[in-house]
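Input: a single structure, listed below in structure tokens.
The values are calculated or read from the model by the stated rules, or taken from the named source; none is laboratory data. Just so we're clear, the structure is a prediction, and the values are computed from it rather than from any experiment. Cβ placement follows ideal geometry from the backbone for every residue including glycine, while neighbour counts extend to all protein chains displayed. For accessibility, only protein heavy atoms count, side chains too; no ligands or nucleic acids. Shrake-Rupley method; radii C 1.70, N 1.55, O 1.52, S 1.80 Å.
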Amino acid sequence: MIRSTAPARPLPPANEPAHHPRMLLTEADGKALLAQAAIRVPPGAQTTTATPPAIPGPWIVKAQVPAGGRGKAGLIRPAATRTEVAAALAALLGATHKSHRVHACLVEQAVSGAEHYLAIALDPASNGLRLLHRAAGGIDIENTGPLAGTLLPPDLEAIEAALPALIPHAATASVAASLARLVLDRELALAEINPLFVTATTAIAGDAKIVIDLNALSRQPALTALLDANPLAYPDAIRKQSSGFDYVELDPDGQIGLLTTGAGLSMMLIDELAAAGARPLNFCDIRTSMLRGSPARIVAALSWMTARPSLKVILVNIFAGITDLAEFAALLADALTASAVPVPVIARLIGRNAAAAAEILAARAPGVILEPDLTAALARTCAAANAWANA
């Protein structure tokens, strides 16, 4: 049985929500968790410069961003000499992948073995865990057919007892048991190793895809500390923890800042703007019910938007049911007064007390362009972005 100072945790009860805000860790941080769980990882070091770390070769140089698809994007490179390591570092540092800039690279000693795919995933349908294993891994795993996996028993001791029959290779079964404990102890959504390099007697994690549940961070100080130690990799998660609402930067060079509420409506706006050829900067769910009479959240969102020199226009879209739009308008006016916003602001405020909100903005923030029609608001936003871009 796996030994740990942490008690074995049961699976989440059936009445817990099935969907949580989730975030992928960088490979280096994921492997740090694997190592803490006594799973073997290759010798390696993370670096932010083009100077190769003192690790025996040959090497693999890997860009560190919290996003998948690095191999196919050319962000994982083998190196046979230290000169090649330095060249790879120089090429990868500063690159961009899926809106994430590469601020660090992981340099590892290359390892070999049969490439397996191994994962323990949260299974929302059963409120349990699912084992996914295949004796073939690598970047083309998605081309080898669906991975249905095996539903695991409801507690760690039973999982440990079942794994040897599911995975005859002892070292691989041991890694799977350690992954299961890691998922339970850290309340993870996914712990995946692809490839897992397997020899006759060993199994070494060649990669790590660890997906955390941001709602669990209040109970997971070790994960919070891990995020805090790497702010350049996890700006969205750190913003959420400090501000209490969701602000996700989609495009560092985006032109349209979004101050919106409601996840579905906000995503719809992003889709509509992208379909029109525009470049939204961010996703935002400001959660107007949680403003509590303070403009602090709005000020924070505006500061993040205006920090990007590519910003050309801000679209405010609030569809209010319970929210008092008059109160929101007053807070928006306060936030605009407190912030240096150098671009046009277009606002669509629909719902309770919309007329009063319009009067407040006309008196206190007359530069805000009010447009109640959604299609017209989107058109005016795109036109404003284009006008600034062509100025």
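Things to note:
- For region 288-391, the square roots of the Cα gyration tensor eigenvalues, ordered a ≥ b ≥ c, give a/c of at least 1.5 with a/b no greater than b/c, which places it in the oblate category.
- Under Karplus coefficients 6.51, -1.76 and 1.60, residue-wise ³J(HN,Hα) of region 273-290 in Hz, glycine/proline x: 5, 5, 5, 8, x, 7, 10, x, 7, 8, 9, 8, 10, 5, 6, 4, 5, 9
- About the Cα centre, charge dipole magnitude for the chain (Lys/Arg +1, Asp/Glu -1 at Cβ), debye: 560 debye
- The chain: angle of helix 374-389 to the longest principal axis, Cα-based, in degrees nearest 10: 80 degrees
- Within the accessible surface of region 188-338, defined with a 1.4 Å probe on protein heavy atoms only, the carbon and sulfur portion equals 57 percent.
- Heavy-atom surface of the chain, accessible at 1.4 Å and reported per residue (Å²): 44 Å²
- Net charge contributed by nearby residues that have their C-beta within less than 10 Å of LEU92 (K/R +1, D/E -1): +3
- Selection from ALA237, PRO164, LEU291, by position along the positive dipole direction of the chain (Cβ): ALA237
- Dividing the helix sum by the residues of the chain, where each DSSP H run of 4 or more adds -39500 (n - 2.57), gives a mean residue ellipticity at 222 nm of -10500 deg cm²/dmol.
- Placing unit charges on the Cβ atoms of the charged side chains and taking the dipole of the chain about its Cα centre, the candidate lying farthest along the positive direction among ALA136, SER339, LEU250 is SER339.
- The rule of thumb for compact globular proteins, 2.2 N^0.38 Å, goes into the C-alpha radius of gyration of region 77-226 1.17 times.
- Across the accessible surface of region 39-183, with the other protein chains kept in place and a 1.4 Å probe, carbon and sulfur atoms take up 58 percent.
- Once the convex hull of all Cα atoms in region 188-338 is built, its volume per residue stands at 160 Å³.
- Principal-axis tilt of helix 325-338 within the chain, Cα atoms, nearest 10 degrees: 80 degrees
- Geometric extent, Cα atoms of the chain - Rg, Dmax (angstrom): 24.2, 76
- DSSP beta bridges in the chain [antiparallel fraction, %, rounded to 5]: 75 percent
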